[in-house]
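What follows is a set of notes on a single structure, which appears directly below.
The values are calculated or read from the model by the stated rules, or taken from the named source; none is laboratory data. Since we're looking at a predicted model, the values are computed, not measured. Virtual Cβ from ideal backbone geometry, glycine too; neighbours counted across all protein chains shown.
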Amino acid sequence: MPEMKNRVEPTPDGLAMPDPAGALPATRRGQRVLLAGAFLVWLLVVTTGLGKLWAYAETPGPAARASAVWPAATRLARDVHRPTLLVFAHPQCPCSRATIGELALLMTHVQDRVMAFVIFYRPLTEEAGWEQTDLWRSAAAIPGVRVVADDNGADAAVFDAATSGQTMLYDAGGRLMFSGGMTGARGHSGDNAGRTALTALINEGRSATSRTPVFGCLLGTVRTE
């Protein structure tokens, strides 16, 4: 006689109870279903999270409506003999480490053909020195770069810079040559259209690109209208 899969055994009191050996496969199937379901939920969470991170990295910040000529209201003094480069940055923006790194590479290719400023935002609610983070020190260490504190974003407001990493290049006559960013994505280092355009504009006076997206944290300034 063939063996029954769900055989019952009598108990000492005469009642029948299922054989545990027969119930084991069903229990294991249930565990596998639960594990498979948990894995699918984990995979969905991870995929969704990575998608949001990727979308965030690829989403640029507000671009400046840069003045076509050097604004008279700024306290920054441009160079009348060579182009002037401006980089507006938030001292605590992790994304801007890539911008400072790209600036260092740019300066090695343009040598002394440009005067460069990195303007670090500092709210009036913070003490003097708040802006002097590792980003400040990294920018200050680049040959040919001057770093300045922008109290309450006054100069950023004049140039309508709202995103950390906003870069502008004015020629010796005070005309805007470039406005944009020097990274291809948020916090991403490597070859990009912004640095390529700036290198060509400073060294050759021309480039096919004069505007690029800006990836970074908000500076905290009020945009001008």
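Going through A156, A149 one at a time, which residue ends up being touching a strand residue (DSSP E or B) at 6+ places or on another chain (Cβ under 7 Å) and in a strand (DSSP E or B)?
Only one candidate passes the filter, namely A149.
Keeping to segment 96-121, report how many residues are touching a Phe, Trp or Tyr at 6+ places or on another chain (Cβ under 9 Å) and farther than 24 Å from P60 by Cβ.
Residues meeting the conditions: 0.
Filter segment 93-132 for residues that are of a type in the set (S, T, Y) and assigned to a helix (DSSP H, G or I) and give the result.
Those that are of a type in the set (S, T, Y) and assigned to a helix (DSSP H, G or I): S96, T99, T108.
The rows are residues; the columns are (1) surrounded by fewer than 21 Cβ atoms within 10 Å (Cβ to Cβ); (2) over 12 Å from A68 (Cα atoms); (3) not aliphatic (A, V, I, L, M).
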{"position": "S164", "(1), (2), (3)": "no, yes, yes"}
{"position": "M168", "(1), (2), (3)": "no, no, no"}
{"position": "A172", "(1), (2), (3)": "yes, yes, no"}
{"position": "G180", "(1), (2), (3)": "no, yes, yes"}
{"position": "T183", "(1), (2), (3)": "no, yes, yes"}
{"position": "G187", "(1), (2), (3)": "yes, yes, yes"}
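Which of (1) at pLDDT 55 or above; (2) surrounded by 11 or more Cβ atoms within 10 Å (Cβ to Cβ) does A57 not meet, given it meets every other one?
Only one criterion is unmet by A57, namely (1).
Run down L198, L176 and say which single residue is in a helix (DSSP H, G or I) and either more than 21 Å from the chain's Cα centre (by Cα) or surrounded by 21 or more Cβ atoms within 10 Å (Cβ to Cβ) (or both).
L198
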